[in-house]
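To start, the structure itself, in structure tokens.
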Amino acid sequence: METVARGLQLAVAGRRILSVTLGKTDFIDNPQDLERELPGREIRSVKRYGKFMLLRLQRSGAGKTENGEIESETALLVHLGMTGMLMPVRADEPHKKHTHVFMVLDDGRELRYVDPRRFGRMAYLAGEVLVEELKRFGADPLEVGREEFIKRICSRKSRIKALLLNQQVLRGVGNIYADESLWKSKIHPACMGSKLTPKQVAELYRALQAILQRAIVMRGSSISDFVDAKGEPGEYQQHHRVYGREGKPCFRCKTPICRIIVAGRSTHFCPFCQKAPRTRKKKRGR
């Protein structure tokens, strides 16, 4: 998602939306607002916000209402789901099947949203609604400090895999990078956050940041239909150490990689390198 957001920032920031045409709208919170409010607005910036992209908008020009008042902040929140793509193309380019949103830009291109399975989400947000929506998200894993990261993990009685995926704890960590960072830091995905030592969590912090930074450079991991803002697939999947490698030898110890379900998600780990947490034996009654 970071890769897509950065690509769109370079490609469409500063462009004005002239018109909006919608296809299927079951993934859009408020389709009428998109059609009514987006035309005439300038895309001020595009940033990743957790697993979403946040297109911050403003009226082209002074950013004031018709009454002369300062306009409240507005944005388009976009989640790509499993198969979504958001990319600018020439307006005369034939549209792909399952293209559901067409935003005509002032430079002759169209910003199109394509999603075969429609598991994504799109919403136009303004004012307090936007503020409250963003409050639901936790800290950004690339911006949070080490001590704050340790506090967020060690203070919670949940499994570490669940904590990494919890958007109210950390926004934007996906299933692949949770597995990869836990393997790199030798932490079992079922360990409780509150049972980990600050030293272990500090190592996880370093691992997660290093993996995310490298994945961004390599345009992410192309699993299924993922492509960046230019329509190009990522390359980081070639460097996965554990994700999707069930039964294959661990790169460290050659033990076959295992797959279990943690927090409702498929989870890959090395049973030798990532020691399972000890379970207390229940005392038998007399």
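What the table shows:
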read-out	value
Boolean, Glu180 is of a type in the set (Asp, Glu), touching a residue at least 12 places away in the same chain (Cβ under 8 Å) and touching a helix residue (DSSP H, G or I) at 6+ places or on another chain (Cβ under 8 Å)	yes
Residue match in the range 77-92 (condition: without any contact (Cβ under 8 Å) to a residue 12 or more places away in the chain, assigned to a loop (DSSP other than H, G, I, E, B), surrounded by fewer than 20 Cβ atoms within 10 Å (Cβ to Cβ) and among the acidic types (Asp, Glu))	yes
Residue check for Asp140: out of contact with any helix residue (DSSP H, G or I) (no Cβ under 9 Å at 6 or more places or on another chain) and in contact (Cβ under 8 Å) with a residue 24 or more places away in the chain	yes
Number of the condition not met by Leu111 [criteria: (1) at pLDDT 95 or above; (2) within 23 Å of Asp29 (Cα to Cα); (3) surrounded by fewer than 16 Cβ atoms within 10 Å (Cβ to Cβ)]	(3)
Matching residues in the range 38-50 - criterion: being at pLDDT below 95 and in contact with a Phe, Trp or Tyr (Cβ under 9 Å, 6 or more places away or on another chain)	Tyr49, Gly50
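The values are calculated or read from the model by the stated rules, or taken from the named source; none is laboratory data. Keep in mind that this is a model prediction, so the values were computed, not measured. Cβ: placed from backbone, ideal geometry, glycine included. Neighbour counts: every protein chain shown.
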